[in-house]
């Protein structure tokens, strides 16, 4: 069966819809400029998912230099800053496709050697997806979220 969605690079005109999805789906929200900043600096790794011409999900990534979580040396690390899919479009492979597109771009365009993300310890569906994609829990970030919930820092090689 052919997927009923397309993944494409985000464009400036997509940002209002991306912000709307972020506000609907996630308690962690960012100012408008933050989305444009990521698009302007790492646009080749910022993707949206479309169903019938409507943006229903996104992944916003960046690439940083620092000590690796897996390789304990200076490395380029991809960072999944934010990913969300509208609730009515979940469990269709969209999140996985967004993750794969983002990881591929961080590796092939930006030369990242590993990728990491933070996820709420209570977000079992997301944790399962990340584990399926090869991520491992590296550490627990105590009180990471504004409501005090802990996060797992998860990482994998690219």
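The values are calculated or read from the model by the stated rules, or taken from the named source; none is laboratory data. Treat the numbers as computed from the prediction; the structure is a model and nothing was measured. Cβ atoms come from the backbone with ideal geometry, glycine included; neighbour counts cover every protein chain shown.
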Condition (residue is outside any strand (DSSP E or B) and closer than 19 Å to residue 46 by Cα) applied to the range 132-153: is it met by at least one residue? yes
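What residue, of 133, 158, is in contact (Cβ under 8 Å) with a residue 40 or more places away in the chain, within 23 Å of residue 76 (Cα to Cα), surrounded by 15 or more Cβ atoms within 10 Å (Cβ to Cβ) and touching a helix residue (DSSP H, G or I) at 6+ places or on another chain (Cβ under 7 Å)? Please lay out each step first, then the result.
Details: 133 fails: in contact (Cβ under 8 Å) with a residue 40 or more places away in the chain.
On inspection, the qualifying residue turns out to be 158.
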Quick one: how many residues across the range 110-126 are assigned to a strand (DSSP E or B) and without any contact (Cβ under 8 Å) to a residue 40 or more places away in the chain? 4
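If you check 129, 98, which single one turns out to be farther than 20 Å from residue 42 by Cβ and either modelled with pLDDT under 95 or assigned to a helix (DSSP H, G or I) (or both)? Break it down into steps so the answer makes sense when it comes.
Values: 98 fails: farther than 20 Å from residue 42 by Cβ.
Going through 129, 98 in turn, the sole match is 129.
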Six or more apart or on different chains, Cβ under 7 Å: which pairs go from a residue in the range 21-37 that's without any contact (Cβ under 8 Å) to a residue 24 or more places away in the chain to one that's assigned to a loop (DSSP other than H, G, I, E, B)? Could you list them? 23/29
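Rundown of residues vs (1) buried (at least 17 other Cβ atoms within 10 Å of the Cβ); (2) within 14 Å of the chain's Cα centre (by Cα); (3) within 19 Å of residue 14 (Cβ to Cβ), yes/no style:
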position: 62; (1), (2), (3): yes, yes, yes
position: 74; (1), (2), (3): no, no, no
position: 78; (1), (2), (3): yes, yes, no
position: 82; (1), (2), (3): yes, yes, yes
position: 92; (1), (2), (3): yes, no, no
position: 109; (1), (2), (3): no, no, yes
position: 114; (1), (2), (3): yes, yes, no
position: 125; (1), (2), (3): no, no, no
position: 151; (1), (2), (3): yes, no, no
